[in-house]
Amino acid sequence: MMQVFDPVLSDRGSKYAVSGGPVGCKKDAVKFVKTLCRKKKFAKATHNTWALILPDGTPLKNDDGESGAGMVILRMLERETLVGEIVVVTRWFGGTKLGGDRFRRVQDCVRYYLDQREVSSGSSGK
């Protein structure tokens with residue numbers, strides 16, 4: 001099941017959304033992003049950056065032009081030991097470069113997704 005949270009935040013004109021759901025292999029990850037991009041708004045996004053840890057422990061990531069962002073997502077998933085679930089951070093560029101703050105915004109989006117996921121699953125976290 002795909003969960004989409006849009007909008008999550010904005011910073012200097014750039015807008016962010018975060019999506020995620022269960023994924024078992026690289027092919028499913030690519031399919032997940034393609035399904036997300038069937039929504040015209042997401043297809044027109046500047047970046048759909050994603051990462052996941054496959055059930056066999058293999059890490060996958062895709063920066064989609066937002067250099068380093070996939071690794072930021074992947075590191076957060078590793079810390080949470082979240083396996084078999086893709087997280088996609090979408091950015092619509094607003095005209096002002098964010099510099100290092102762009103990584104903080106990616107982290108904010110992933111944290112939002114993880115928090116919403118815990119609320120919807122009824123778990124109390126760690």
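The values are calculated or read from the model by the stated rules, or taken from the named source; none is laboratory data. Note that the coordinates shown come from a computational prediction; the quantities given were computed from them, not determined experimentally. Quick reminder, even Gly has a Cβ in these numbers, built from the backbone with ideal geometry, and neighbours come from all protein chains shown. Only protein heavy atoms, including side chains, enter the accessible area calculation; ligands, DNA and RNA are left aside. Shrake-Rupley method; radii C 1.70, N 1.55, O 1.52, S 1.80 Å.
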Length released on extending from residue 116 to residue 79, taking residue separation times 0.36 nm less the Cα-Cα span: 11.6 nm
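Tell me the Kirkwood hydrodynamic radius of the chain in angstroms, computed as one over the mean inverse distance between distinct C-alpha pairs.
Roughly 14.4 Å, rounded to one decimal.
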Length-normalised contact order of the chain in % [C-alpha pairs under 8 Å, at least 6 apart]: 30 percent
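If you take the beta carbon distance between residue 98 and residue 39 as r and set R0 to 25 Å, what does 1/(1 + (r/R0)^6) give as a FRET efficiency, to the nearest 0.05? Please report the intermediate quantities before stating the final value.
Numbers: r = 24 Å, r/R0 = 0.96.
So the FRET efficiency works out to roughly 0.55.
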Anchor residue 15: lysines whose Cα lies under 26 Å away (excluding residues fewer than 8 positions away in-chain): 31, 34, 39, 40, 41, 44, 61, 97
GNM flexibility winner over the chain from 98, 77, 54 (Cα, springs under 10 Å): 98
Share of carbon and sulfur in the accessible heavy-atom surface of the chain [1.4 Å probe, %]: 51 percent
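Roughly speaking, what is the stretch gain from residue 3 to residue 58, that is 0.36 nm per residue apart minus the C-alpha to C-alpha distance, in nm to one decimal?
17.5 nm
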